[in-house]
Amino acid sequence: MSIANRLSRLLPAAIRVSVTAAMVAVAAFALHWVSQQRDAHPWTRDGQVMAQVVQVAPRVAGPVLAVHVSDNQRVRVGDPLFTLDPTLFEQALKQAQADLTQLQAQAVDAAADARRATELLQRKVLSQQDYDLKTTLQESKAAAVAAAQVQVETARMKLGFTRVTAPVNGYVTNLQLDQGTFAAVGEPLVALVDADSFWIAAYFKETDLPHIRVGDPAAVRLLGQPDQPLAGRVASIAFGIAERNQAAGPGRLAQVNPTVEWIRLAQRIPVRIQLTALPPDLQLRLGLTASVSVNPSHPLPAAAAGH
């Protein structure tokens, strides 16, 4: 066989090997590039809008006289939420004021007796024992007046507690309160989503945490508004999550779920993202789904970045 024939047979094989090697090299480079990008720009679509929910409960008990808000209403600090029947508390205040007036009159008489006792003691007309009784009575009446004044202030304070107001700026949510409901002390009746407390809880894989630092910039995209990125920063990283296999309490055995040894799923760790600027027309709602990128590869627009 001539050299030309041999070359004609070997050349296609060499080309195939070269093409295959080139494809493998390109694939390896692409995987390496993707891995570097993933490490440099951790990303998750497992994010959620969070906010503080204030459970408003009365500090005194009584039937609800009036409800001043409606479901999903925006309220500001100090806005009335509901009012309890003040009748009993008004009567208690009047009784405390009457008791104070009576004790003040008794204290005036006791003070006058003590002054007369001082004069009589100086003139040697009154014994020391009788003088001590008069001054002790004066001190006792003065203390009773001070205690009665506290009772008046307490009764006035409780009367003020019958008018329950919003402790934060927020939104009334899931309102199920109606007139006539009996309110117990400390039992929540109105839930307020704090309008000034929104943040993003981003659940990153534990393998992403070495590439996330507190203070890193973050880009947030809500599922319902993917074309409107929000600027934020990493505020904190959780130090733990619940242990599913831990015993429910002392003296109980742990319930260990069976796992397949060769499948190792990375745990998700909450990373708190503080939003640094919000568009004026955007309304955040507790529970919305979000995707989060830390150290985003593309800078946010000026409006989203808060410039």
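The values are calculated or read from the model by the stated rules, or taken from the named source; none is laboratory data. This one's a predicted model, so the numbers in the text were calculated from it and none came from an experiment. Because the Cβ atoms are built from the backbone with ideal geometry, glycine has one as well, and the counts that use them run over all protein chains shown. Only protein heavy atoms, including side chains, enter the accessible area calculation; ligands, DNA and RNA are left aside. Shrake-Rupley method; radii C 1.70, N 1.55, O 1.52, S 1.80 Å.
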**Prompt:** Can you tell me which of Asp109, Asp85 is open to solvent by 50 Å² or more (accessible area, probe 1.4 Å) and touching a helix residue (DSSP H, G or I) at 6+ places or on another chain (Cβ under 9 Å)?
**Reply:** Asp109
**Asked** Consider Ala202 against the criteria (1) touching a strand residue (DSSP E or B) at 6+ places or on another chain (Cβ under 7 Å); (2) open to solvent by 40 Å² or more (accessible area, probe 1.4 Å); (3) within 30 Å of Leu275 (Cβ to Cβ): it satisfies all of them except one. Which criterion is unmet?
**Response** (2)
**Prompt:** Looking at Ala277, Ala254, Ala266, which is the one that is at pLDDT below 95 and closer than 30 Å to Gly170 by Cα?
**Reply:** Ala277
**Request:** For Ala235, state whether it is hydrophobic (A, V, I, L, M, F, W, C) and more than 18 Å from the chain's Cα centre (by Cα).
**Result:** no
**Message:** I'm trying to understand the selection: among the residues of the range 174-194, which are closer than 11 Å to Arg76 by Cα and surrounded by fewer than 17 Cβ atoms within 10 Å (Cβ to Cβ)?
**Reply:** Asp194
**Message:** Six or more apart or on different chains, Cβ atoms under 9 Å: show the pairs whose first residue is in the range 280-307 and of a type in the set (S, T, N, Q) and whose second is surrounded by 13 or more Cβ atoms within 10 Å (Cβ to Cβ) and modelled with pLDDT under 85.
**Reply:** Ser293/His41; Asn295/His41; Ser297/His41
**Complete:** Scanning the range 119-173 residue by residue, those over 30 Å from Asp79 (Cβ atoms), open to solvent by less than 100 Å² (accessible area, probe 1.4 Å) and not in a helix (DSSP H, G or I) turn out to be Val125, Leu126, Ser127
**Message:** Under 9 Å between Cβ atoms, which residue pairs at least 6 apart in sequence (or on different chains) link something in the range 227-243 that is open to solvent by less than 90 Å² (accessible area, probe 1.4 Å) with a partner that is part of a loop (DSSP other than H, G, I, E, B) and acidic (Asp, Glu)?
**Reply:** Val234/Asp216
**Asked** Out of curiosity, is Val185 part of a strand (DSSP E or B) and closer than 30 Å to Val64 by Cα?
**Response** no
